[in-house]
Amino acid sequence: MNPASGWSRRVRFALAALLGVAAASGLAPLEYWGVTVLALIALGPLFLASETPRRAAFLGWAFATGYFAHALSWIVEPFLIDAERHAWMAPFALVFMSGGLALFWALAFGVTKRIGGSPVRQAALLAVAVSLAEFARGYVLTGFPWAGIAQIWVNTPVAQLLSLVGPYGLGALTLLATLPLGAALSGGWALRRLVIPCTVTAGCAVVALGYAATRPPVEASGHIVRLVQPNALQHQKWNPDHELLFFTRQLEFTAADPRPDLIIWPETAVQAWLGNAQPYLSAIGAAAQGTPVFLGIRRAEGQRIYNSMIYLDAEGRQDGVYDKHHLAPFGEYVPFGEVLAQFGIHGLAATTGNGFSAGSGAALIEAGPLGKGLPLICYEAVFTQDVLAAPGRADFLIQITNDAWFGTWSGPYQHLAQAQMRAIEQGLPMMRAANTGVSAMIDPLGRVTRSLPLGEAGFIDAELPRPQAATIYSRIGDKAALFALLALFALLWHHIRRNNG
């Protein structure tokens, strides 16, 4: 007998929301992945106790709202930078973001309950349905895959499965290993009911740990990369009184001995527009003393403005440019901007017109003897599809970002964790320069080999690891996981309908 069946629906909904809040503690910076696993197991009986598809949908919405409200609590931080203008929007942003993203889960719960089936089969179908919902969350409209279930495994051996099945595949395995087990336990300790769920859970654990043990060792390239972190606080970054301070600080870090093979400055490290930045670029070239530099800068082209990364070669000449193409809605551009501008609503990161324009897409930049780099600006590293869209195989990933927007609690660490995931998925090292931190060198297994703490000005010299062979996931992308999930959903649905007569 499922004990949750005797509880009122209000109690079940409240408990689901609390379980969602608890489940988010598996994400950075806490990384209590065991709590997430237990919360998902406990969710199974609550779902089975839902009497109708409508109540099941609301239960799923309550769980996911609690989960996203905790996971995305950092979303209020950008609105507090200029509190006088934007603070009033902060609570609305958190409520609408968490509640809106939770609708994907609500749909999965409602559809699964309508199909029905035995407890374990129903829970297995729910795991697949939620996995498909998470896939949609990462792709629909501009997509927002932040706080995916797979992110709880960063910094554990299980994360190595990302190189096989990617984030959506690993998230699906996590749900398949937990929700059916919870459903089986809701009926007591009957051995017959527990055999298959326990076997699936144990099998997933064995495969994950076994695969992690077989990953090839990481080799050193011999190249030293300097990551520059000026720690320009967001409320000071664009203040003319502080501009020279932060620029000079970066020049000093750049000129320091010993000489590296490459230097990386963070996103919008130079405040001048590229068309007017030659004095700044000349100063950077002089400080670099023959070392190539990647740096973030804004540029204009006619009426369009771009958030860009440029490459200065050993002679200090611009030899490559990349324009960010996956922009943050309401951060870098405003949908229906001309209408909303009449109400004083502009992008938080760009107040010129309706914000930045999107670049042409993923691109590779040659970096001399270090090879080809795939540039990612800010939250482009959150999107696995942006990395998969590269026009060729890179030798390394390079992310420049300004995480001062994300506060000092969870946001910067969750952003770093997703950068680690991209490295594992591709089998490539990632160099990451962040304005306020965390700047880090990440190896192809997703391990942070060197880093500079959040909120500290300075630089680190880190050896660039060699790239590994192209991973299975880097070759096939998300198509295989999507096909497998759709096929499994159809198979379970057919099996349930046949048994229901």
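Sorting GLU456, GLU267 from the fewest to the most surrounding beta carbons within 10 angstrom yields GLU456, GLU267. For a test of the definition: using alpha carbon positions, the gyration tensor, and the 1.5 limit on a/c, classify region 226-310 as rounded, prolate or oblate. Oblate is the answer for region 226-310, as a/c is 1.5 or above yet b/c matches or exceeds a/b. Taking other Cβ atoms within 10 Å as a rough exposure proxy, THR248, THR201 sort from fewest to most as THR248, THR201. Mean sequence separation of contacting Cα pairs (under 8 Å, at least six apart), scaled by the length of the chain, corresponds to a relative contact order of 16 percent. Just to confirm my numbers, what's the Cα centroid distance between region 388-462 and region 221-243 in Å? Here the answer is 14 Å between Cα centres. To the nearest ten degrees, helix 240-255 and the longest principal axis of the Cα atoms of the chain are 90 degrees apart.
Above 32 Å, the calculated P(r) of the chain contains 43 percent of its Cα-Cα pairs. Taking the three principal axes of the alpha carbon atoms in region 357-501, the coordinate ranges are 68, 37, 34 Å, sorted in descending order. Counting Cα-Cα pairs of region 83-183 in 10 Å increments starting at 0 gives whole-percent bin shares of 14, 37, 31, 13, 4, 0. Give the calculated FRET efficiency between ARG498 and CYS198 to the nearest 0.05, with a Förster radius of 30 Å applied to their Cβ-Cβ distance. Efficiency for this residue pair is about 0.75. From the Cα gyration tensor of region 143-247, with a ≥ b ≥ c the square roots of its eigenvalues, which class applies: rounded if a/c is under 1.5, or else prolate if a/b is larger than b/c, or else oblate? It comes out oblate by the Cα gyration axes.
Each residue in ARG299, ARG114 was given a count of other beta-carbon atoms within 10 angstrom of its own, and listing them fewest first yields ARG114, ARG299.
How far, in nm, would the chain grow between SER5 and ASP82 when pulled straight, counting 0.36 nm per residue and subtracting the alpha carbon separation? Gain on stretching SER5 to ASP82: 22.9 nm.
Taking the square roots of five times each eigenvalue of the Cα gyration tensor of region 1-158, the equivalent ellipsoid has semi-axes of 28, 17, 15 Å, listed largest first.
Given a Förster distance of 25 angstrom, what is the FRET efficiency for ALA220 paired with ILE476, based on the Cβ-Cβ distance and rounded to 0.05? That pair, ALA220 with ILE476, gives E of 0.30. Candidate cross-link partners of LYS237 among the lysines, defined by an alpha-carbon separation under 28 Å and a same-chain spacing of 8 or more, comprise LYS324.
Over the chain, dividing the summed -39,500 (n - 2.57) contributions of all DSSP H runs of at least 4 residues by the number of residues returns a 222 nm mean residue ellipticity of -15000 deg cm²/dmol. Over region 10-93, with a single point scatterer placed on each C-alpha, what log10 of the ratio I(q)/I(0) does the Debye formula yield at q = 0.12, 0.16, 0.17 1/Å? Those come out to -0.43, -0.67, -0.72, one per q. For the chain, the longest principal axis of the Cα atoms and the long axis of helix 33-48 meet at an angle of about 40 degrees.
Values in this text are rule-based calculations from the coordinates and carry no lab data. None of the values given here were measured: they were computed from a predicted structure. Because the Cβ atoms are built from the backbone with ideal geometry, glycine has one as well, and the counts that use them run over all protein chains shown.
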